[in-house]
Amino acid sequence: MLKKIGLLLGLLTLTLSPLTAQKTLKQIRTYLKDKKADEAMKLVQQMEKDTNTTEWARLYDYAKQAQIIKNDTENEKLYLKQAYDTAALFKTALMACDYILKCDSAEQKLIQDGDKPKYRKTNARILHDYYSNIHAGGRWFYARKDYASAMNLLKMALDLPQQPIWGENKQVTTKAGYTVAAQLYLWAAYHSKNWAETNRYRALALADTLTARRTSLEMLSLAAEALGDTADYRTLLLLGHKDYPSHPFFFTHLADFYARSGQYDSQLALANGRLATDAADAWALEAKSLALINLKRYDEAIIAAESCIAADSTHIDAWYYVGLAYYSMAKAIVLPANINSKAYQAAVAQQKQLYTLAQPYMEEYRMKKPDEKAKWAPILYQVYFSLNLGSRFEEMEQIIKTLAD
């Protein structure tokens, strides 16, 4: 019972009597005349919690006026070359626009009832006056890596021209800056790991055909991967690879995607397509080698990986792929049951030869990537064991034990 009484009292505090609300509005108006914007906003925020006044257009117009006073204060400091708060300058402009939209939303209901809008004409002009500052503010916050603030301003810049109060003149949406705002919103969402929001203005961001579009596609694809949207991830990578075939990002991520999903034929076809335009493309040769290993076409895989090393020895994984191919060929040899037979001896000799060929490549990979123990230690363990390299085998044995721990 006490809980119910407490809840009732809490609800009562959310409402004001019509007389009290009118008195509060009058006090807000007095504060505005005296340029006491902060005091006015405190009362506005109180009334915003009141269920009886949340649809009052006049309340939101007063809030807009308070934000304009605050914005004008910073602008005056700027004009007088005094110290001013740039963040506040942009944020107050944003808040003014936000309250204008709330005011117009409240007025919409009056318009539907046949009343004429009281604030729309004046407020529409203010929105147009503030628009360039809203856009500039988004860029300013983005440059300072305040992505949340940047997104708030950029979203306003992108949404305002679509609002009824804006009017019929949509010329601003045809300018390059409008597309830039969509791109920056996408990038800000990506940098703040707000993956879903990267898609809000996706079509607009991708309308650009310059290098910024490529960056947007990269971020969109990584966001899709983070969201676990496999279909969209693949679609975006394919689009990026089609439009930017020489850029390695889309190719390498698409090749990795095919490898992870077991689509080795698709990975091979992708690599061969890239090699058709450049036979010495190291990225394609590396991907081709991995695809061929997974397809158990080891001889071809070795040729592709060695060609990759010859083209660009900094592709370290190619060293691993050569060693892995030789190792896989050795493991694939079936030893005859009779250990005294010539066939058994021949098979063992062939196996050792393949392990010997794998050894320098795997050791080179170990030297270049010492932290990848899980990849090279098990293979070198088998190589050293088969070649009777006792001390090296013991070292691998200890490393593998540490991996197990």
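The values are calculated or read from the model by the stated rules, or taken from the named source; none is laboratory data. Computed from a predicted model, the values in this text were never measured in an experiment. Note that we place each Cβ from the backbone using ideal geometry, even for glycine, and neighbour counts take in every protein chain shown.
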When you scan the range 365-392, how many residues do you find that are assigned to a helix (DSSP H, G or I) and either more than 27 Å from Ile309 (Cβ to Cβ) or touching a strand residue (DSSP E or B) at 6+ places or on another chain (Cβ under 9 Å) (or both)? 2
Can you find even one residue in the range 67-78 that is under 14 Å from Ala37 (Cβ atoms), in contact with a helix residue (DSSP H, G or I) (Cβ under 8 Å, 6 or more places away or on another chain), in contact (Cβ under 8 Å) with a residue 60 or more places away in the chain and in a helix (DSSP H, G or I)? no
Of everything in the range 191-220 that's in contact with a Phe, Trp or Tyr (Cβ under 6 Å, 6 or more places away or on another chain) and of a type outside the set (Asp, Glu), which residue is surrounded by the most Cβ atoms within 10 Å (Cβ to Cβ)? Thr198
Across the range 135-182, what is the number of residues that are part of a loop (DSSP other than H, G, I, E, B), closer than 18 Å to Leu101 by Cβ and in contact (Cβ under 8 Å) with a residue 24 or more places away in the chain? 2
Inspect the range 18-33 for any residue being within 39 Å of the chain's Cα centre (by Cα) and surrounded by fewer than 16 Cβ atoms within 10 Å (Cβ to Cβ) and give the result as yes or no. no
Just to be sure before I move on: is Ala136 hydrophobic (A, V, I, L, M, F, W, C), under 22 Å from Gly167 (Cβ atoms), surrounded by fewer than 21 Cβ atoms within 10 Å (Cβ to Cβ) and outside the structural domain of Ala63 (by TED's automatic domain parsing) in the structure I sent? yes
Residue set Tyr344, Tyr321; condition more than 34 Å from the chain's Cα centre (by Cα) and aromatic (Phe, Trp, Tyr); output residue Tyr344
